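Scroll down for the structure; my scribbles are underneath it.
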Ligand code: FES
Ligand SMILES: [Fe+2]
């Protein structure tokens with residue numbers, strides 16, 4: 001249980017709020033690269049409570065600027081693109097990716113008005129079929145090259161899910177809540193012990209990039225482990241087995257805070273495959289995945305929609321002053337403490353967990369994901385040591 005004040009502190013995402021400042025220290029996903037095309041090079045996006053316009057110039061460079069034109073406030077989302085920037089649809093003022101005003105066409109030729117104009121703008125990088133933006137103080141840190149974004153030995157694709165009507169922290173607390181698996185997902189996932197009383201051990205270890213969550217369940221053939229990291233602060237790294245192909249599908253689930261009461265999930269998926277190679281900067285297939293059917297009902301035969309049902313029904317911003325936590329909620333407790341601690345670190349001018357300075361040739365970050373239930377086993381050395 002938290003006080004109302006603590007709850008506000010951990011959940012609010014706007015500029016100048018404690019969690020908003022923490023979240024701005026991390027690169028955030030803003031769109032799938034495939035969502036910007038030659039025909040539609042501009043997309044309005046809402047990120048951390050800010051209305052922004054993402055665009056791709058005719059030269060292929062990306063920009064992300066505040067939506068409202070500084071001249072007379074028309075929306076740049078209806079603007080026009082050329083080689084080096086975006087033009088307002090109303091009077092044609094033009095801005096580049098750094099937010100500099102390059103032209104004010106209706107002004108006298110010798111006007112210097114444009115030099116006094118600065119539009120808020122954020123750097124954008126493309127990796128693994130996604131576009132990421134950094135909205136914090138400069139210099140921008142390194143964009144983490146997670147394995148799923150950077151691997152080449154297989155196929156990669158990207159999904160955007162329906163916008164979820166609740167605060168980001170609810171989605172992330174779910175990722176350190178292993179005890180919901182059997183109840184919420186047991187029937188769909190065909191878990192042998194669904195709805196039975198079960199014996200499991202849950203461990204949570206804070207490591208360089210977040211919280212490593214490990215579940216050890218007793219079974220007839222001995223202990224079985226699954227281990228998935230929560231990448232601080234708003235990403236889950238997971239793996240599943242495709243029902244269609246029987247192949248492993250590694251994935252990253254980004255939970256982007258749209259604003260205080262909305263969250264956008266992007267998923268990057270990668271399936272190792274001897275027949276395929278995919279470069280990290282390759283064009284990447286994209287699909288939209290609805291969480292509800294045409295009648296607006298949750299698609300409860302799907303694991304992801306089951307989670308969405310749980311998160312949304314907790315409320316737009318869950319009232320943590322009215323909850324009762326048990327011993328099985330230890331992961332939730334650990335994660336909240338970590339968020340609170342990292343908020344403090346940022347407030348004191350420090351560098352929060354997992355943020356590394358931009359440097360030469362950022363390495364691919366390989367994560368130790370295990371899921372023995374679907375055949376992704378522990379490294380042999382470890383299995384032998386614990387056998
Ligand atoms: S409102 Fe944008 S140029 Fe005038
Ligand atoms: Fe779940």
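No value in this document is a laboratory result; all are computed from the given coordinates. As the structure is a computational prediction, the values presented were derived from the model and not from experiment. Glycine also receives a Cβ, built like all others from the backbone with ideal geometry; neighbour counts cover every protein chain displayed.
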Within the set 169, 304, 143, GNM on the chain using Cα springs under 10 Å gives the largest fluctuation to 304
Compare 377, 115, 307 in a GNM of the chain, Cα atoms joined below 10 Å, and give the one with the largest fluctuation. 115
Using mean Cβ contacts within 10 Å as the protection proxy, how do 363-372, 245-254 order, highest first? 245-254, 363-372
If you build a Gaussian network model of the chain, linking Cα atoms that sit under 10 Å apart, which residue out of 362, 32, 97 swings the most? 362
When all alpha-carbon pairs of the chain are counted, what percent fall beyond 26 Å? 56 percent
From the Cα gyration tensor of region 67-196, with a ≥ b ≥ c the square roots of its eigenvalues, which class applies: rounded if a/c is under 1.5, or else prolate if a/b is larger than b/c, or else oblate? prolate
Can you give me the angle between helix 330-347 and the longest principal axis of the chain, using Cα atoms only, in degrees from 0 to 90, rounded to the nearest 10? 30 degrees
If you average the C-alpha positions of region 229-289 and of region 197-226 separately, how far apart do those two centres end up, in angstrom? 22 Å
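How long are the semi-axes of the equivalent ellipsoid of region 28-133, defined as square roots of 5 times the Cα gyration tensor eigenvalues? Whole Å, largest first.
On the way: eigenvalues 114, 37, 27 Å².
Working from the Cα gyration tensor, I get semi-axes of 24, 14, 12 Å.
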222 nm [θ] for the chain, helices only, -39500 (n - 2.57) per DSSP H run of 4+, per residue, to 500? -4500 deg cm²/dmol
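Just check region 269-369 against the gyration tensor rule for me: Cα atoms, a ≥ b ≥ c as the square roots of the eigenvalues, rounded for a/c under 1.5, and otherwise prolate or oblate depending on whether a/b exceeds b/c.
Working: a/c = 2.24, a/b = 1.07, b/c = 2.09.
Oblate shape, in that a/c is at least 1.5 and b/c is the bigger or equal ratio.
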Contact order normalised by residue count of region 145-386, Cα under 8 Å, 6+ apart, percent: 32 percent
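Please arrange 201, 241 by counting, for each residue, the other beta carbons lying within 10 Å of its beta carbon, fewest first. Intermediate results must be reported in sequence, preceding the final value.
Working: 201 12, 241 15.
By the 10 Å Cβ count, ascending: 201, 241.
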If you take every DSSP beta bridge whose two residues both sit in the chain, what share of them, in percent to the nearest 5, is antiparallel? 95 percent
Taking Cα atoms only, helix 303-313 is inclined relative to the longest principal axis of the chain by an angle, in degrees rounded to 10, of 70 degrees
Can you give me the distance in nm between label points at residue 324 and residue 113, each placed 7 Å from the Cα along the Cα-to-Cβ direction? 6.5 nm
Order of 52-58, 160-166 by packing, highest average Cβ count within 10 Å first? 52-58, 160-166
Using a 7 Å offset from the Cα along the Cα-to-Cβ direction at both residue 103 and residue 341, what is the distance between the two label points in nm, to one decimal? 5.4 nm
Taking only C-alpha pairs under 8 Å that are 6+ residues apart, what is the relative contact order of region 109-240 in percent? 13 percent
